[in-house]
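Just below is one structure, and these are the notes that go with it.
The values are calculated or read from the model by the stated rules, or taken from the named source; none is laboratory data. None of these values were measured; they are calculated from a predicted model. Quick reminder, even Gly has a Cβ in these numbers, built from the backbone with ideal geometry, and neighbours come from all protein chains shown. SASA here: full protein model, heavy atoms, side chains in, ligands and nucleic acids out. Shrake-Rupley method; radii C 1.70, N 1.55, O 1.52, S 1.80 Å.
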Amino acid sequence: MVHLIDRRVQGKNKSAPNRERFLRRYKAQIKEAVAKAVKGRSITDIENGEKISIPVKDISEPTFGHSRGGVWEGVYPGNDQYQKGDQIARPKGGAGGGGGKGQGGNSEDVTEDDFAFQLSREEFMNYFFEDLELPNMVKTQLSATQDFRTQRAGYKTTGTASSLHVIRSLRGALGRRIAIGGKSKHRLEHAEAELAAELASPSPDHRRVGGLREEIHHLKIRLAAIPFLDPFDLRFSNRIRVPKPATQCVMFCLLDVSGSMDEQKKDTAKRFFILLYLFLTRMYEKIEVVFIRHHTTALEVDEHAFFHSRESGGTIVSSALNLLLKVIQERYATSDWNIYVAQASDGDNWDNDSVQCRELLSKAILPLVQYYAYVEITEGDPQNLWLEYEQVAQAKENFAMQKIESPADIYPVFRELFKKQPV
């Protein structure tokens, strides 16, 4: 019999198996509560869990109640109205008059309480990202990293007691005993049969009987001297460290920092980028992030300069795309890296440059990347860049685009970009 012991650290009066069972049983209600909770949640709080509540009616279970029938005796301290033997009117209402709902007022006045509990960060992210996926995630090659994993590699004759393989050791001991004592045991059986036949004869040969008895005694001593388990028989499980292949990806963040992009639009773009990064961390073990900001020229910067630097002037989006293509070709081989690009802009661009952007995406960039997501942060009509990108979206499956008008649109747009595709 196999016994599984859960040694996970648990809080006081908490049971991890019971919690997992509860989350599985009320999965639909919890997902609905998570969807409502994220609407008013800031992206900066994504590292934390979430306190959610579900209606009590959804988790109600059958219970036993006590009927009000029969003879009841009670002690009422401070009673100045009744004496012993007085009859007290039976309470109004049916059986099972416990402290449940439906008492003490009309049904219209009864409200459903909510059952509130805290979801951990991991549980919250599991429910939030459950129905999302990364399109075209399969890559032609996995890149080797410095991580190692242990794997079984046969058996060895030395090791610790915890790595002793009992079945393999007993199997070897059995084979050894058969190999060493097989001939003696076979001769013992024949000698015992000969002794029995000699004793059963009318005139047994006493000299032969004595010789057979001496031989049988010698064979039994010889077989008894064979040890049941010899140190030579012990076998220990052998484990070796082998390089562990791990998937890796690079995430390019392209942001328009021209004069038309105010701080509110930059903050909206930042929230979208953070959400995408958290989503990628669930899919890949190694992630690199490259920040490219642009106005009339493009520049690769660190995260602080990416979100906080102030620029003015016009916009030439093709400068960012050209720099993106150059970085991919120089540092991120498509055979080793899964490449994802997220671009945020208000859509404002020079008319002739938007056509060039469409050509760059279609012919040079999209064949190299796994997925390209473009979000346009604007409240007005679509800009010329949007109109050109629409032609790309119709022709390429790994390109998607959505419009964000306010921070409240970030979650719906993100889910639309990365929803699971029908098989």
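Please determine whether any residue of region 341-364 is in contact with a Cys (Cβ under 6 Å, 6 or more places away or on another chain) and under 23 Å from Thr268 (Cβ atoms).
Within region 341-364, one or more residues are in contact with a Cys (Cβ under 6 Å, 6 or more places away or on another chain) and under 23 Å from Thr268 (Cβ atoms).
Looking at region 261-286 only, could you name the residues that are at pLDDT 80 or above and assigned to a strand (DSSP E or B)?
None - no residue of region 261-286 is at pLDDT 80 or above and assigned to a strand (DSSP E or B), so the list stays empty.
Could you tell me which numbered condition Val166 fails, if it satisfies all but one of (1) modelled with pLDDT under 75; (2) open to solvent by 60 Å² or more (accessible area, probe 1.4 Å); (3) farther than 19 Å from Glu32 by Cβ?
The one condition Val166 does not meet is (1).
Scan the helices (runs of 4 or more DSSP H) fully inside region 297-392 and keep the ones with 2 or more residues being farther than 20 Å from Gly259 by Cα and open to solvent by 10 Å² or more (accessible area, probe 1.4 Å). Step through it out loud before you land on a result.
Details: elements: 303-308, 317-331, 351-360.
Those helices (runs of 4 or more DSSP H) span 317-331, 351-360.
A quick yes/no check of all residues on (1) touching a residue at least 24 places away in the same chain (Cβ under 8 Å); (2) in contact with a helix residue (DSSP H, G or I) (Cβ under 7 Å, 6 or more places away or on another chain); (3) farther than 18 Å from Asp346 by Cβ; (4) among the hydroxyl-bearing types (Ser, Thr, Tyr):
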| position | (1), (2), (3), (4) |
| --- | --- |
| Ala364 | yes, yes, yes, no |
| Gln370 | yes, no, yes, no |
| Pro382 | yes, no, no, no |
| Gln394 | no, no, yes, no |
| Asn398 | yes, no, yes, no |
| Met401 | yes, yes, no, no |
| Glu405 | yes, no, no, no |
| Tyr411 | yes, yes, yes, yes |
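So which residues in region 209-239 are open to solvent by 40 Å² or more (accessible area, probe 1.4 Å), assigned to a helix (DSSP H, G or I) and under 23 Å from His186 (Cα atoms), if there are any at all? It would help to see each step written out before you state the result.
Let us first name the residues in region 209-239 that are open to solvent by 40 Å² or more (accessible area, probe 1.4 Å), namely 213-215, 217-218, 220-225, 227-232, 234-235, 239.
Now restrict to residues that are assigned to a helix (DSSP H, G or I): 213-215, 217-218, 220-224, 231-232.
Arg213, Glu214, Glu215, His217, His218, Lys220, Ile221, Arg222, Leu223, Ala224, listed by residue number.
Among residues belonging to region 393-421 that are outside any strand (DSSP E or B) and among the aromatic types (Phe, Trp, Tyr), point out the one that is nearest to the chain's Cα centre (by Cα). Give the steps one after another, and end with the answer.
Narrowing region 393-421 to residues outside any strand (DSSP E or B): 393-398, 405-418, 420-421.
Now narrow it down to the ones that are among the aromatic types (Phe, Trp, Tyr): 411, 414, 418.
Details: Tyr411: 21, Phe414: 20, Phe418: 18 Å.
This residue is Phe418.
Just to verify a result, which residue in region 178-192, among those that are touching a helix residue (DSSP H, G or I) at 6+ places or on another chain (Cβ under 9 Å) and of a type in the set (Lys, Arg), is least open to solvent (accessible area, probe 1.4 Å)?
Arg187
Any residue at all in region 137-155 that is assigned to a loop (DSSP other than H, G, I, E, B), open to solvent by less than 80 Å² (accessible area, probe 1.4 Å) and at pLDDT 65 or above?
So far as region 137-155 goes, no, none of its residues is assigned to a loop (DSSP other than H, G, I, E, B), open to solvent by less than 80 Å² (accessible area, probe 1.4 Å) and at pLDDT 65 or above.
Of (1) surrounded by 15 or more Cβ atoms within 10 Å (Cβ to Cβ); (2) assigned to a strand (DSSP E or B), Leu195 satisfies all except one. Which?
So the condition that Leu195 fails would be (2).
Hey, among Val355, Val301, Val392, Val327, which residue is in contact with a strand residue (DSSP E or B) (Cβ under 8 Å, 6 or more places away or on another chain) and closer than 26 Å to Glu405 by Cα?
Val392
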